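Beneath this line is the structure, given in structure tokens, with notes to follow.
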Amino acid sequence: MQSVSIYDFIKVKIASMEYAPGRNFSEMDLAKELGTPRSKVREAFNLLAQDKLVQIIPQRCTTICKLELGNILDSIFIVRSILIAVVKDVHAQHIEKELTITQLKENLSALENGGVFSDADFFQADHNFYLTLSGLNGFPRLNKIIFKEKLNIDRTLRLSIGRRGDYIAIAKLYGKVLDGMLAGAPDKSIKAICEISDALEKYANMAVKCHPSLFK
């Protein structure tokens, strides 16, 4: 396992909250668990430290950084701003992507109207929503920016939602964004994006109240 793939492996675990804020690791133990040289784990930890996801305490351990409400709210604002810019631009230049949007809309509708579904089902649909929208603008770097910021958002969602109604409410807002785009009504899409942002802020504050030990 190369250091970059170790980095991705740990990052996914952090995003899913399997590796919770405050958890400690030793390079030696994780290297043994993953069957990889300790130096490769150290390289991955250094990359994660640059992303401010872990704190390295030399000669002792590496700790998953605790969440900060201010950083989460910043992430929500950044993602909202990017999505609004994409929606404004896509109607003028990228309407040929309509089939991609239609397929995503169908997938979201299936989630809303289906029976029992798992956290993984929701977060896969969530990932596809942001992946599709970030790809419409034609600038690959937007994708990286969005998903870097979304890691903060995803962690708080996993802490604050879990009821089917919560998932469906968010999926419906995603659907409203897509409906506006398909109808050539960017104002409706932008309104829905702002509603998503408001909902995410609510869930972020809820996460702080329910899990104070995981926040700074």
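The values are calculated or read from the model by the stated rules, or taken from the named source; none is laboratory data. What you see is a predicted model, and the numbers here were worked out from it, not measured in a lab. Neighbour counts run over all protein chains shown; Cβ positions are idealised from the backbone, glycine included.
Being over 30 Å from GLY135 (Cα atoms) and not assigned by TED's automatic domain parsing to the domain that holds ALA199 is true for just one of LEU30, LEU53, LEU47. Which residue is that? Steps first, please.
Details: LEU53 fails: over 30 Å from GLY135 (Cα atoms); LEU47 fails: over 30 Å from GLY135 (Cα atoms).
The unique qualifying residue is LEU30.
Among the residues of the range 42-60, how many are farther than 17 Å from MET28 by Cβ and polar (S, T, N, Q)?
Final tally of qualifying residues: 2.
If the requirement is being under 11 Å from the mean Cα position of the chain (by Cα), assigned by TED's automatic domain parsing to the domain that holds VAL90 and either surrounded by fewer than 19 Cβ atoms within 10 Å (Cβ to Cβ) or on the phi > 0 side of the Ramachandran plot (or both), which of these qualifies: PHE139, PHE123, PHE129? Even if it seems obvious, please write down each step before you answer.
Numbers: PHE139 fails: under 11 Å from the mean Cα position of the chain (by Cα); PHE129 fails: either surrounded by fewer than 19 Cβ atoms within 10 Å (Cβ to Cβ) or on the phi > 0 side of the Ramachandran plot (or both).
The conditions single out PHE123.
Restricting to the range 182-205, and then to whatever is hydrophobic (A, V, I, L, M, F, W, C) and more than 16 Å from ALA169 (Cα to Cα), can you tell me which residue is surrounded by the fewest Cβ atoms within 10 Å (Cβ to Cβ)?
ALA183
Yes or no: the range 198-212 includes at least one residue that is under 18 Å from ASP74 (Cβ atoms), in contact (Cβ under 8 Å) with a residue 24 or more places away in the chain and assigned to a loop (DSSP other than H, G, I, E, B).
no
Determine which single condition SER81 fails, assuming it passes every other condition in (1) at pLDDT 90 or above; (2) of a type outside the set (Lys, Arg); (3) surrounded by fewer than 16 Cβ atoms within 10 Å (Cβ to Cβ); (4) more than 17 Å from LEU200 (Cβ to Cβ).
(4)
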